[in-house]
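Below: one structure, written as structure tokens.
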2 protein chains.
Amino acid sequence: MTYCVGLKLDRGLVCMSDTRTNAGVDNISVFRKMFIWETPGERSITLMTAGNLATTQAVVSLLNERAKPAEDRGAPSILEAASMFQVAKLVGATLREVIADQSGIEGPQADSPFSATLILAGQVRGGEPRLFLIYPEGNFVEAADDTPFFQIGETKYGKPILVRAFDPRMGFEEAVKLLMLSFDSTLKANLSVGLPLDLHIYPADGFQTGLVRRIERDDAFFDSLSSGWGEALRKAFGQLPDYDLS
Amino acid sequence: MTYCVGLKLDRGLVCMSDTRTNAGVDNISVFRKMFIWETPGERSITLMTAGNLATTQAVVSLLNERAKPAEDRGAPSILEAASMFQVAKLVGATLREVIADQSGIEGPQADSPFSATLILAGQVRGGEPRLFLIYPEGNFVEAADDTPFFQIGETKYGKPILVRAFDPRMGFEEAVKLLMLSFDSTLKANLSVGLPLDLHIYPADGFQTGLVRRIERDDAFFDSLSSGWGEALRKAFGQLPDYDLS
């Protein structure tokens, strides 16, 4: 499994992804699921992937190949698309192409074992920062004010805290804390989601890669946040009134 | 969908179930998913059901028929089984029988569309209070000290708070509060889980039905707990240190 979240804040985009892939619980590996492209001064694009690793790696390889200023580039490049909407269309088409190719069947393939789902975040000069969720069929939805975040992979355990505490006006420091708590709940419940975590903070109108961090297995802040949250939850729980049985 | 939880506390068993059934989001109904049998002074048995409603209703009907002191009773009755283990075997066999019957195929049917999963809680004189999770195949596992609760249905949203705050030494009042918070997280995230909730508190060695309550849609305590918890979470979240970007 996988867990990735993209937040759309007033001040920019924050992406976090785990790095565990597994083929059964006895065969786990660490693979990057966050990929970043940039044309400094002009655009920054972040892609996070969930689903079949062969599929997502092929998608990223194709996007990379086509982004190179190379000789044989027939296909359009995400570094040249005119807007984030066009980037999303390109990525969606590439995903659908890879799934169709691996399945040997054309057309929508949501139930294919080679399926994958993507979160795309970024900004192209002339537009706002935008956040998309791309489906295996190649179509996509965009985050709007009512739902300013997307999750892919093992989304359920980490959702309640996002729903309760997310506020698009929050700062980056607070947003990272929120994401860490959401990941902590997920890590605690699903073995197939694992540290380290990748983080990309893109401040609006930066038009280049923002702050990139890897939160490692022994990250002191993550550990103290996790235990501090457990304690805070138990304390909050204890302070609420008990049910009256009488 | 459905959400049911059974807790095994030092002082007894606590069961809570929702009541929403759905065939698509445009076709929802209220159905009881908690069923209680007793022989006062001798045994109390609580069954909670998740899965295909036709299957679970058939299971409950069969258990009821066979529990009647009737003329044509060939099958053994859960009111006569010698222990909770034997009750679990009977319920599991009945579940498997119903699924096989509806599927037209004998044998394990976990992937059958007529599938169901059950939580069984109770005590028979001569034994301890026991809690079982019964699978569609008819086999079952019992709650032990390391995992003293079971969930069925939409289990993921409500699990983090259970994992963090459950303590087998807690009182019934606190346990109901914990269950309500777990249900609240689930209700907020999955439309196919809905109020009212059914509650059965069985004090150990009671050997009869304990406290039974229905928590209705407009329950003042549930509402205040839900908003109080949201506030407490946001406060706890605010008090934890933010991530340091520098």
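Coordinate-derived values only; no laboratory data. Fair warning: this is a prediction, and the values are worked out from it, not measured in the lab. Glycine gets a Cβ as well: all are built from the backbone with ideal geometry, and neighbour counts include every protein chain shown.
Numbers at a glance
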read-out	value
Ranked A:THR19, B:THR55, criterion: other C-beta atoms within 10 Å, fewest first	A:THR19, B:THR55
Diffusion coefficient, µm² s⁻¹, Stokes-Einstein with Kirkwood Rh over alpha-carbon pairs of the range A:2-89 at 25 °C and 0.890 mPa s	167
Cα-only radius of gyration and Dmax that characterise chain A, units Å	18.9, 79
Inter-site label distance for B:GLU80 and B:ARG32 at 7 Å from Cα along Cβ, in nm	2.4
Values of log10 I(q)/I(0), in the order q = 0.09, 0.14, 0.19 Å⁻¹, for the range B:1-147 under a Debye, Cα-only, solvent-free model	-0.27, -0.66, -1.18
Per-residue Cβ neighbour rank within 10 angstrom, fewest leading, B:SER185, B:SER103, B:SER226	B:SER103, B:SER226, B:SER185
Calculated SAXS-style log₁₀ I(q)/I(0) at q = 0.10, 0.18, 0.23 Å⁻¹ - the range B:83-172, Debye, Cα scatterers	-0.32, -0.87, -1.13
Teacher prompt: A:PHE31 distances to equivalent labels in other copies, 7 Å Cα→Cβ, nm	4.0
Minimum Cβ-to-axis distance in chain B for the rotation onto chain A, with residue, whole Å	B:LYS156, 2
Sequence-separation-based contact order of chain A, relative, with Cα cut under 8 Å and 6+ spacing, percent	27
Net length gained if the chain between A:ASP146 and A:VAL163 were fully extended (0.36 nm per residue, minus Cα distance)	5.0 nm
For the range B:192-234, Kirkwood radius (reciprocal of mean inverse C-alpha pair distance, Å)	12.4
Under 26 Å from B:LYS188, Cα to Cα: lysines that are on another chain or at least 8 residues apart	A:LYS8, A:LYS156, A:LYS159, A:LYS177, A:LYS188, A:LYS235, B:LYS8, B:LYS33, B:LYS156, B:LYS159, B:LYS177, B:LYS235
For the range B:77-217, size of Cβ-based charge dipole, Lys and Arg +1, Asp and Glu -1, in debye	420
Label distances, nm, A:THR147 versus same residue in remaining copies, Cβ-directed 7 Å point	3.2
Exposed GluC sites (Glu not before Pro) absent: longest stretch of chain B, with sites in DSSP loops and at most 11 other Cβ within 10 Å deemed exposed	B:107-215
Over the protein assembly as shown - Rg/Rh using Cα atoms and the Kirkwood inverse-distance radius	1.03
Linear extension gain, A:SER103 paired with A:GLU137, 0.36 nm per residue minus alpha-carbon span	11.0 nm
Quotient of Cα Rg and 2.2 N^0.38 Å for the range A:42-103, N being how many residues it contains	1.09
For chain A, calculated [θ]222 nm from helices alone, where every DSSP H run of n ≥ 4 adds -39500 (n - 2.57)	-11000 deg cm²/dmol
Across the identical copies, how the B:ASP223 labels are spaced - nm, sorted shortest first, 7 Å along Cα→Cβ	4.6
Computed over the range A:111-246, Cα set: Rg, Dmax in Å	17.6, 64
